[in-house]
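**Q** The following block contains the structure, expressed as structure tokens.
Every read-out reported here was derived from the displayed coordinates using simple, explicitly stated rules and does not represent laboratory data. Everything quoted here is computed from the prediction, not taken from an experiment. Backbone-built Cβ (ideal geometry, glycine too); neighbour counts: all protein chains shown.
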Amino acid sequence: MQYDILVYGPVFCDLIFTDLPVFPTLGKEIFAGDLKVSVGGSAIVATGIHRLGLKVGLVTSLGNDPISDILWQLLGKLGLDRSLITRHPGALRQLTVGLSYPQDRAFITRFERPTTPPDLKAILQAHPARHLHLCSFLATLDVPDACKLAHAAGMSVSMDPGWDEQALRDPGLLALVKDLDLFLPNRAELEFMAQTEDCEQAARALLSEMQHGMIVMKNGNLGASLYSHATEEDLHLPALPVTPVDTTGAGDAFDAGFLSAYVQRLPLKVCMQYGIICGSLAVTATGGTDGLPDLEKVNQWLPKLPS
């Protein structure tokens, strides 16, 4: 099968608690008004791309434990192609508990690395695509040469690093970023990597390390910014005026929108608009996938954005 985009990275079972009265403290119990069970991690990006009508392959690993079984069923209900998912005989309990508030959230995540990671080189050779998206630095722990493998297969490459202080300090991350075509951090991740609270300075510092790529920085309800060697001016777009319900997966939703336009070679401003629409609408529903728009809804919003 010919794919437009391959999404490579771990999938998590998200347990998202909402309608919380306060933030929990040690020794005290609070009660959530609601609970959502959904897919997280790379599955959010893959679902967003699928909703926009592109052919997406999800390259990930699941085990034989109950959490993996739940994820397998949820991925099927979302209509995702599961043919590139490796099922392992042991447990892979990849779980995230989210405490969601309208403006922000907190997570506790359990990540287990499979004993035998996917053979990315063989997958890229057998299943050609236009683009490879690396969903979090966790995805590259076993494949540090992912960029070189993808470029050798004629594919462009992007990565969203995810928030992990140890990973963001890892020299291997900077080495990988140098070879990327697109780096998609949020503002906190970008500033942490560059050890500065000035996002413009952080973007310039990391962009100077990249061979030929671009940085797209997601900035929450302030929108997003694009920095590139190829453009004379930076590109800044505001977020949509929506009322947030749950911000889980907003960054991944942005990635899905941006990449869907990018692989179709649409102008960078349109790529940003796709990302803004998908990221903004994602926060209007609980969980990372329920608010993801289809192409019809994106086209409805495009004329409403600032010219």
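**Q** If you count, for each residue, the other Cβ atoms within 10 Å and average over each peptide, how do 107-115, 38-46, 178-186, 90-98 line up from highest to lowest?
**A** Packing order, densest peptide first, comes out as 38-46, 178-186, 90-98, 107-115.
**Q** Further question: Quickly work out the residue 22-to-residue 297 label distance, labels modelled 7 Å from Cα along the C-beta direction, and quote it in nm with one decimal.
**A** Here the answer is 3.5 nm between the modelled labels.
**Q** Same structure again: Using the reciprocal of the averaged 1/r over all distinct C-alpha pairs, how large is the Kirkwood radius of the stretch 6-155 in Å? List each step's numbers first, then the result.
**A** Working: mean 1/r = 0.0604 Å⁻¹.
For the stretch 6-155, inverting the mean 1/r across all distinct Cα pairs yields 16.6 Å.
**Q** Output the antiparallel fraction of DSSP beta bridges having both residues in the stretch 146-269, as a percent to the nearest 5. Could the numbers behind the result be given before it?
**A** Details: 8 of 13 bridges.
In the stretch 146-269, approximately 60 percent of DSSP beta bridges are antiparallel ones.
**Q** Indicate, rounded to the nearest 5 percent, the antiparallel portion of the DSSP beta bridges found entirely in the chain.
**A** Working: 22 of 50 bridges.
Expressed as a percentage, antiparallel bridges in the chain total about 45.
**Q** So which GluC sites (Glu not before Pro) in the stretch 192-279 are both in a DSSP loop and have at most 15 other Cβ atoms within 10 Å of their Cβ?
**A** 197, 209, 232, 233
**Q** Which far-off residues, 5 or more places away or on another chain, put their amide H under 5 Å from the one on residue 287, with H placed in the peptide plane?
**A** 248
**Q** What residues qualify as long-range amide H neighbours of residue 87, i.e. H under 5 Å apart, gap of 5 or more or another chain, H built at 1.01 Å from N?
**A** Here 62 satisfy the definition.
**Q** Here's a follow-up. Based on the mean of other Cβ atoms within 10 Å per residue, sort peptides 134-144, 73-83 so the most packed one is first. Please report the intermediate quantities before stating the final value.
**A** Values: 134-144: 20.9, 73-83: 14.6.
Answer by packing, highest mean first, reads 134-144, 73-83.
**Q** Would you please name the trypsin sites (Lys or Arg not before Pro) within the stretch 192-284 that are DSSP coil residues with at most 13 other C-beta atoms within 10 Å of their C-beta?
**A** Those that pass, being in a loop and sparsely packed, are 265.
**Q** With the Cα gyration tensor of the stretch 3-294 in hand, give its eigenvalues times 5 under a square root as the equivalent ellipsoid semi-axes, listed largest first in whole angstrom.
**A** After scaling each eigenvalue by five and taking roots: 27, 24, 19 Å.
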